[in-house]
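Read through the structure below, which is laid out as C-alpha cells, and then see the notes.
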Amino acid sequence: MASQRFIITGTDTDVGKTVFAAGLAAALRAAYWKPVQAGLTGETDSQLVARLCAGADVSIYPEAYRLNTPCSPHEAARIDGCMIADADLALPDTAGNLVVEGAGGVLVPYRDDLLAADLFARWELPVILVARTTLGTISHSLLSLESLRTRAIPVVGVAFIGDHEPVAETAITQIGNCHHLGRLPFLDPLNAKTLAAAFSSNIRMDLLR
Ligand SMILES: Nc1ncnc2c1ncn2[C@@H]1O[C@H](COP(=O)(O)OP(=O)(O)OP(=O)(O)O)[C@@H](O)[C@H]1O
Ligand SMILES: [Mg+2]
C-alpha cells in the first residue's frame, strides 16, 4: 500500500493538534515530525507525542529548529538570533507513513516571507485541519479551509476536539464542503491507552485512505 503522509494544522494554537497527531501516528505506525518547535519549557510537542505513543510503533524525527520562546516561529527565531532556512524544512527522507505537525495555524509566519501554508503547498501533502468545537470555531475553521484552498492545498477534512457541538461541526463541514473526520472528546486521563481507544472509536480512518 502507498504510504500515508499528512500535515496536521489547526484553527489556532493549543487546539489539540499534537494530541490528534499522536493518535494518528500511532494508528498509522507513522513517523512524526514537528519542523519548528517554538517554546522549550515543559513538554515539547515531540515529547508529548512520544509519551502518547508509548508502546506504539512510532518514530520521531528531530525538530529542524528548537526555539526558546513560545510565540510565532518568525518571532521566536528572531529572538534567538537565527533565521529559518528553506533548506532545513525539507520533508524527512522516508518512504513510510508520516505525520507532520505545523506550528499554530494556517497563516502563521515562519519567516517574514514564509507562511505555514506556503510550506504546506511546497510539501504537497494532504492537510487535516484540527478544530475546537467551542464558540468561535466556525469562522476560524472556514477561514482556514479557504486559505488552504486558495493555495490549492488538498484538504482531507476537519477533525474536531472537544464536546459534541452538532451545529458548529455541521456548519463547518457543510459550508466548508469537507469531510468530518470525527471528534476526539476531552480525555481524562489522557494517555497512550485512552488516546488509542478514543482514536479508533471516533476517528474515520476510512476517510483518510
Ligand atoms: N482530546 C484531548 N483530551 C484531553 N486533553 C487534550 C485533548 N486534546 C488536547 N488536550 C490538551 O490541550 C492542550 C493543547 O493540546 P495540544 O498540545 O495537542 O495543542 P496544539 O494545537 O498542538 O498546540 P500548539 O499550537 O502549541 O502545537 C494540551 O495540554 C493537551 O493535553
Ligand atoms: Mg502542538
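Computed quantities for the displayed model
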quantity: Top-ranked residue of segment 7-19 - restricted to ones that are more than 9 Å from ligand 2 (Cβ to nearest atom) and crowded, with 21+ Cβ neighbours inside 10 Å, ranked as farthest from P126 (Cα to Cα); calculated: T11
quantity: Residues of segment 39-76 that turn out to be touching a Gly at 6+ places or on another chain (Cβ under 8 Å) and over 19 Å from D88 (Cα atoms), as a count; calculated: 4
quantity: Segment 145-168 - residue that is touching a helix residue (DSSP H, G or I) at 6+ places or on another chain (Cβ under 9 Å) and within 17 Å of L135 (Cβ to Cβ) and, of those, surrounded by the fewest Cβ atoms within 10 Å (Cβ to Cβ); calculated: V167
quantity: Residue that is farthest from W123 (Cα to Cα) [pool: residues in segment 62-88 that are touching a Ser or Thr at 6+ places or on another chain (Cβ under 8 Å) and not in a loop (DSSP other than H, G, I, E, B)]; calculated: I79
quantity: Residues that are modelled with pLDDT of 95 or more and not β-branched (V, I, T), drawn from segment 90-103; calculated: A90, L91, P92, G96, N97, L98, E101, G102, A103
quantity: Candidate set: segment 89-102, residues that are of a type outside the set (A, V, I, L, M) and assigned to a strand (DSSP E or B); chosen: the one surrounded by the most Cβ atoms within 10 Å (Cβ to Cβ); calculated: E101
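The values are calculated or read from the model by the stated rules, or taken from the named source; none is laboratory data. Worth saying up front: this structure is predicted, and the values here are computed from it rather than measured. For neighbour counting, all protein chains shown are included, and Cβ atoms are generated from backbone atoms with ideal geometry for every residue, glycine included.
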